[in-house]
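A short worksheet on the structure shown next.
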Amino acid sequence: MRLDAINRWELYWIAEIGKVDHVFNDGEHIWLAQDGKVLQNETNYPNLQIPASWKSYSSDDHFNSASVLTFFELNSNIYAGATNGLYQFQTDQWVRLGFNDESVNSITMWNDRLSLITRNGIYAQNKAGEWQTISNEIHNANDLISDAQNELWASQPGYGLINFSGSIGSLSVENCFPNGPGTNSFSDMVIDQDGHLWTTSAGNGINFYNGSTWKSFKRKNGLPSDDFRAIEVDENNRIWAGSWGGGVVRFIKVNDDSVTFDVMRSMDGNLAGISSDPNYIVVRDILCDPDNNLWFSNYLAADRKVLAVRDPEGNWQHWSTADGIRSSEVSRLTVDNSDRIWIATDVSGLSVLDYGESLLDKSDDDLSGYLNTAEGLESDRVNAVAYDLDGTMWIGTLEGLNYWFAGSVSTNYNVINDVINAILIDPRNNKWFGTQGGLSVMQFDGVSWDHYSTNDSPLVSNNITCFALDKSSGDLYIGTTNGLSVLRTPFTQPEETLDKVMGYPNPFVLDQNGALFYMNKLAINSAIKIFTSEGRLVRTIPEDQVPGAQAVWDGKNNNGETVQSGVYVYLITAEDGERTVGKVAVINP
């Protein structure tokens with residue numbers, strides 16, 4: 001598509017007159033595909049903003065009101081691919097050349113031939129003007145192009161790029177998958193114990209990222225479904241994934257590059273299908289609690305046992321709507337510091353399970369706790385729940401953000417959008433809220449807020465659906481309906497002691513690029529003092545400036561002045577009084 005004869009203001013006006021599907025400049029004319037017709041204007045016309053300057057070709061001019069999908073120029077001839085065939089512009093009218101009632105998605109030149117792609121295959125025209133089939137195995141591909149080596153490339157959703165090399169009759173065909181996830185829409189994510197990312201999608205299965213390459217698992221690879229909504233990691237670094245209709249799949253890592261999986265579906269009969277199909281098992285969420293029990297929300301289970309738990313020894317227990325869970329449309333799960341399980345639903349707010357002294361003994365269970373709109377929730381459809389480090393339960397609903405503390409429900413009106421899809425609490429106790437309209441962050445002080453959207457940040461979409469935080473690196477993965485964003489944060493998980501503290505780089509070379517010295521693997525609420533080798537205090541970094549397990553020094557003293565070359569000593573003190581000391585050589589060129 002060439003736009004060199006049109007400036008952005010003229011394009012803006014053109015877009016204002018209706019839906020513009022495609023723009024093409026052949027050097028003499030500008031062509032627009034718009035609302036089932038084609039508009040033409042000479043490139044040297046003095047004013048593109050005059051509607052009369054555009055000539056329209058539609059059904060009365062032999063174009064048959066088809067929607068144009070692509071334009072192409074070859075040897076001064078203009079071609080158009082439309083939803084009902086291939087057209088050529090001849091003597092002030094469009095003439096259909098063939099592929100009647102087929103959708104011609106893309107046109108290109110390959111080996112000096114006109115080539116095109118339809119919903120049913122890829123074709124090339126020979127010297128006699130006859131169409132020959134290149135491939136009829138490629139369906140629903142949407143673009144076609146040839147490169148400088150005369151190799152042909154097609155793009156097909158779900159199958160990446162397809163490369164054709166050689167000539168008709170002796171073609172070599174290769175699928176080329178980009179190094180990325182197999183989907184742009186994410187439903188859930190988790191980081192495993194090796195720092196690797198696992199994601200689920202409502203239509204494209206499960207993806208695994210080992211830090212350098214992506215692997216995709218779908219129905220064609222043996223999964224029972226392509227629709228997965230939940231994923232969790234257990235104490236043994238096994239990955240559990242819950243699907244919409246296919247039950248549960250468990251992944252076991254062989255190494256960083258290889259994984260194997262077991263289709264477990266009903267978990268030996270402990271999960272039930274819906275009433276109309278006992279084999280259609282919906283698992284909306286999976287939770288591994290601090291005692292390594294695995295909890296499953298069994299959505300719309302026919303036996304009404306919508307909450308199931310499996311302990312580390314493989315024993316099971318169940319709770320049903322008859323026990324007090326307020327709806328069979330259970331969605332998200334979380335646990336508080338009293339080991340109570342909070343059960344979100346799509347229609348009835350929240351139920352709270354206190355299972356007492358024994359997980360397997362239901363005699364002392366209490367399911368009387370609940371929250372709904374009568375108790376103060378903005379909506380009974382609860383999309384997300386998360387428990388913070390101060391004992392507050394955050395509740396994201398379809399119509400706003402609530403929080404529960406000490407038996408009372410309140411509403412927070414500071415989020416960027418009222419549709420709350422996901423909530424994450426980081427090690428610093430910051431709250432991250434993914435909404436339908438962007439990202440909101442409440443800082444650990446409970447007062448300060450930051451907001452991000454596609455208008456003011458690199459977010460790939462405002463519709464945020466899930467989070468995953470790598471607590472060792474601070475990388476926050478943000479899943480959306482249009483791709484995956486990654487934000488590097490300082491909010492890493494503090495260590496229990498200072499035994500593993502690392503300082504780097506050493507030597508620390510000060511330059512003009514904002515070099516930093518990192519002190520990593522700190523304990524919670526650590527404070528830092530930096531001294532010269534003679535014992536003179538240079539810099540103090542108080543605990544409120546240490547966001548997690550990592551602190552940084554910019555090579556400046558407490559007055560903001562860059563220090564001189566020399567050996568410096570850093571003293572780190574933890575909250576409980578534990579101390580550790582390290583040295584760093586600073587080079588100030």
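Neighbours of Met189, meaning other residues whose beta-carbon lies under 12 angstrom from its beta-carbon, give a summed charge of -4 when Lys and Arg score +1 and Asp and Glu score -1. In the structure shown, the pairs Lys556/Lys583; Lys362/Lys471; Lys521/Lys556 are assessed against 27 Å; a Cα-Cα span above that value is assigned to Lys362/Lys471. Backbone amide hydrogens, once placed in the peptide plane, bring Asp26 within less than 5 Å of Trp31, excluding anything fewer than 5 places away on its chain. Model label sites at Asn588 and Glu375, defined 7 Å from Cα along the beta-carbon direction, differ in position by 5.9 nm. With a cut-off of 9 Å between beta carbons, the residues surrounding Asn237 carry a summed charge of -2, where Lys and Arg count +1 and Asp and Glu -1. Calculated accessible area for region 249-388 comes out at 42 Å² per residue, all protein chains present (probe 1.4 Å; ligands, DNA, RNA ignored). Net charge in the neighbourhood of Gly566 (other residues with Cβ under 15 Å of its Cβ; Lys, Arg +1, Asp, Glu -1) is +2. Pull out a ≥ b ≥ c, the square roots of the eigenvalues of the alpha-carbon gyration tensor of region 192-341, then state rounded if a/c is under 1.5, prolate if not and a/b is larger than b/c, and oblate in the remaining case. Since a/c reaches 1.5 but b/c is at least a/b, the shape of region 192-341 is classed as oblate. Using a probe radius of 1.4 angstrom, the carbon and sulfur fraction of the accessible surface of region 415-566 is 45%.
The 3J(HN,Hα) values that the Karplus relation (6.51, -1.76, 1.60; θ = phi - 60°) gives for region 531-537 are, in residue order, 10, 6, 5, 8, x, 7, 5 Hz. Gly and Pro appear as x.
For region 526-589, what class follows from the C-alpha gyration tensor (a ≥ b ≥ c being the square roots of its eigenvalues): rounded when a/c is under 1.5, otherwise prolate if a/b is larger than b/c, else oblate? Prolate.
Taking a straight Cα-Cα cut-off under 18 Å and skipping sequence neighbours fewer than 8 places away in the same chain, the lysines within cross-link reach of Lys218 are Lys253. Here region 53-205 has 41 percent of its accessible surface on carbon and sulfur atoms, given a 1.4 Å probe and all protein chains in place. By the rule of a C-alpha distance below 13 Å, with chain neighbours fewer than 8 residues away ignored, the aspartates and glutamates paired with Lys215 are Asp256, Asp257.
Starting from the Kirkwood Rh over alpha-carbon pairs, what translational D in µm² s⁻¹ does region 426-531 have by Stokes-Einstein at 4 °C and 1.567 mPa s? Diffusion coefficient, whole number: 82 µm²/s. With the charge dipole of region 186-247 set up from +1 on Lys and Arg Cβ and -1 on Asp and Glu Cβ about the Cα centre, the Cα lying farthest toward the positive end among the listed residues Ile231, Asn221, Phe208 is that of Asn221.
Multiply the residue gap between Tyr504 and Asp450 by 0.36 nm, knock off their C-alpha separation, and tell me the result in nm, one decimal place. Intermediate values should be presented prior to the final figure.
Working: separation 54, 0.36 × 54 = 19.44 nm, distance 3.01 nm.
Here the answer is 16.4 nm.
Under a 5 Å amide H cut-off, with hydrogens placed 1.01 Å from N, Leu498 pairs with nothing among residues at least 5 apart or on other chains.
Here the sum of -39500 (n - 2.57) over DSSP H runs of 4 or more residues, divided by the residues of the chain, equals -500 deg cm²/dmol at 222 nm, to the nearest 500.
Using R₀ = 41 Å, calculate the FRET efficiency as 1/(1 + (r/R₀)^6) where r is the Cβ-Cβ separation of Gln149 and Asp257; round to 0.05.
0.85
Taking a ≥ b ≥ c as the square roots of the eigenvalues of the Cα gyration tensor of region 204-252, is the shape rounded (a/c under 1.5), prolate (a/b larger than b/c) or oblate? Because a/c hits 1.5 or more and a/b fails to exceed b/c, region 204-252 counts as oblate.
The values are calculated or read from the model by the stated rules, or taken from the named source; none is laboratory data. Bear in mind the structure is a predicted one, so any value in this text is a computation, not a measurement. Neighbour counts run over all protein chains shown; Cβ positions are idealised from the backbone, glycine included. When the accessible area is computed, the model is the full protein with side chains, heavy atoms only, and any ligands, DNA or RNA have been set aside. Shrake-Rupley method; radii C 1.70, N 1.55, O 1.52, S 1.80 Å.
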